[in-house]
Amino acid sequence: MSQPNENKKSTALIIKVYPVALILISLALNLTVFNVEGNAIALPSQDVLAALAVASLMLVLNHTWLMTSTELTRLKYDIRATPEEWMTSGLSKGDVTDTGFAELERRHNAHRNATENTTLFVLLAFPFALISPSALAASVWLVGFAIGRLGHTYSFLSGMSGARGLFMSVSLLSLYGLAGHLALAVLL
């Protein structure tokens with residue numbers, strides 16, 4: 001087998017094992033460190049609300065950063081967002097360099113990734129907050145997700161692929177931690 005095919009097989013295996021490993025790590029943390037013991041549905045405690053508020057503020061900051069970076073990139077490379085803006089500007093897409101389009105695409109990809117992951121976060125964080133998690137679990141999973149997203153954005157916009165992968169792992173571990181905590185609370 002050729003070297004490129006061997007590399008693809010190895011990479012495919014990593015891609016398949018990676019989420020399973022993160023799920024197992026999050027389950028281990030939920031069972032050993034956060035000691036999930038069933039659920040007690042109630043209004044969130046002050047500690048859980050504080051973790052949720054901090055995470056929410058960090059995610060709003062992340063969105064603002066992505067939005068601002070996208071608009072500054074459009075400005076820098078004279079890129080317009082709509083056909084009407086192109087028409088009134090007197091510019092055309094042909095006037096934009098490949099670098100300009102690549103940088104705009106980078107920001108669009110970062111924004112899409114943030115939106116996809118944050119949607120799942122919201123769907124998990126709401127019921128998680130209502131099942132009386134410990135303050136430590138709430139801090140790690142909720143704030144950990146937001147830290148992961150901020151780090152992912154920084155790394156994505158800076159072209160730091162290794163760090164981007166690390167921060168994506170932090171975000172995913174937090175999502176799996178939330179989901180696992182919910183599942184264990186229902187099953188135990």
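The values are calculated or read from the model by the stated rules, or taken from the named source; none is laboratory data. Not measured: the values here are computed from a predicted model. In this analysis, Cβ positions are derived from the backbone assuming ideal geometry, glycine residues included, and neighbour counts consider all displayed protein chains. Surface accessibility is based on the protein's heavy atoms, side chains included, excluding ligands, DNA and RNA. Shrake-Rupley method; radii C 1.70, N 1.55, O 1.52, S 1.80 Å.
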Taking the range 111-162 and keeping only residues that are open to solvent by less than 10 Å² (accessible area, probe 1.4 Å), among the aromatic types (Phe, Trp, Tyr) and over 27 Å from residue 188 (Cβ atoms), one is left with none
Does the range 38-48 contain any residue that is aliphatic (A, V, I, L, M), assigned to a helix (DSSP H, G or I), open to solvent by 50 Å² or more (accessible area, probe 1.4 Å) and closer than 23 Å to residue 137 by Cβ? no
What are the residues in the range 96-127 that are in a helix (DSSP H, G or I) and hydroxyl-bearing (Ser, Thr, Tyr), if any? 99, 115, 118, 119
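Out of curiosity, is residue 63 modelled with pLDDT of 95 or more, open to solvent by 80 Å² or more (accessible area, probe 1.4 Å) and not β-branched (Val, Ile, Thr)? Give the steps one after another, and end with the answer.
Values: modelled with pLDDT of 95 or more: yes; open to solvent by 80 Å² or more (accessible area, probe 1.4 Å): yes; not β-branched (Val, Ile, Thr): yes.
Answer is yes for this residue.
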Hey, could you check the range 69-110 for residues that are surrounded by 17 or more Cβ atoms within 10 Å (Cβ to Cβ) and of a type in the set (Val, Ile, Thr) and say which is nearest to the chain's Cα centre (by Cα)? 70
Among the residues of the range 163-183, count how many are surrounded by fewer than 18 Cβ atoms within 10 Å (Cβ to Cβ) and among the aliphatic types (A, V, I, L, M). 3
List every residue pair whose Cβ atoms sit under 8 Å apart, with the two residues 6 or more apart in sequence or on different chains, where the first one lies in the range 96-110 and is among the polar types (S, T, N, Q) and the second, anywhere, is assigned to a helix (DSSP H, G or I) and at pLDDT 95 or above. 109/156
Name the residues in the range 44-68 that are within 16 Å of the chain's Cα centre (by Cα) and aliphatic (A, V, I, L, M), would you? 52, 54, 55, 57, 58, 59, 60, 61, 66, 67
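Looking only at the range 52-76, how many residues end up being more than 21 Å from residue 154 (Cβ to Cβ) and in contact (Cβ under 8 Å) with a residue 24 or more places away in the chain?
The first filter runs over the range 52-76 and keeps only residues more than 21 Å from residue 154 (Cβ to Cβ), leaving 52-53.
Cutting the leftovers down to in contact (Cβ under 8 Å) with a residue 24 or more places away in the chain gives us 52.
Going through the range 52-76 one residue at a time, the tally reaches 1.
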Considering the range 11-41 alone, what residues qualify as being at pLDDT 90 or above, over 19 Å from the mean Cα position of the chain (by Cα) and small (Gly, Ala, Ser)? 12, 28
